[in-house]
1. Can you report the number of residues in the stretch 32-51 which are among the aliphatic types (A, V, I, L, M) and either in contact with a strand residue (DSSP E or B) (Cβ under 8 Å, 6 or more places away or on another chain) or at pLDDT 90 or above (or both)?
2. Here are the criteria: (1) hydroxyl-bearing (Ser, Thr, Tyr); (2) touching a Leu at 6+ places or on another chain (Cβ under 6 Å); (3) surrounded by fewer than 18 Cβ atoms within 10 Å (Cβ to Cβ). Tell me which single one residue 80 does not satisfy.
3. I'm trying to understand the selection: among the residues of the stretch 78-94, which are at pLDDT below 90 and touching a Phe, Trp or Tyr at 6+ places or on another chain (Cβ under 7 Å)?
4. Can residue 65 be described as in a helix (DSSP H, G or I), polar (S, T, N, Q) and surrounded by 12 or more Cβ atoms within 10 Å (Cβ to Cβ)?
5. If you scan the stretch 70-94, which residues turn out to be closer than 14 Å to residue 54 by Cα and among the aliphatic types (A, V, I, L, M)?
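The values are calculated or read from the model by the stated rules, or taken from the named source; none is laboratory data. Only a predicted model underlies this, so the values are computations on that prediction, with no experimental measurement involved. Positions of Cβ are backbone-derived with ideal geometry, glycine not excepted, and every protein chain shown enters the neighbour counts.
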Amino acid sequence: NFNADYQLLKKFLHDSRAKNMSYMLSVQFLVTKLNFQLHQWCSQEETNSLRLLLTDVEGAAECWSYYKKWGNYTPVAGFTEITSWANQLLCGHTGGNLILPGDPFRGHFECAKELLDAFNNNGFRALHDQPCDVIYPPINP
């Protein structure tokens, strides 16, 4: 039933609170996946080569460099690399689905959440090896 599923999804999205960073990351991860499914900006091959200019959002390159690149400053990150890291955090953390203040991995989860949030809100310029094909949505008469 679409209405019931939609209501569950709406509740899931609106119930996220900053106290549990795992929940916050889950919401941003889901929204990222839905954006790609609904908008189909690029093919899977183009998505795999998509790189994001992290310097467009204050603190993004620093958090990525600190938490994912072990202190090696990196101003560009692959989109697939970011989403894979977020998925690994959500599926592989021994603390399960509860990342409260004081958890030693909270910074990792918060960084991944912030990167996906910035992407979902058009915060990064996308860098492609070559232009994506233009996909025109159907026009309803």
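1. Here is the first cut: in the stretch 32-51, the residues among the aliphatic types (A, V, I, L, M) are 34, 38, 50.
Subset that is either in contact with a strand residue (DSSP E or B) (Cβ under 8 Å, 6 or more places away or on another chain) or at pLDDT 90 or above (or both): 50.
Here the count works out to 1.
2. (2)
3. 93
4. yes
5. 76, 77, 82
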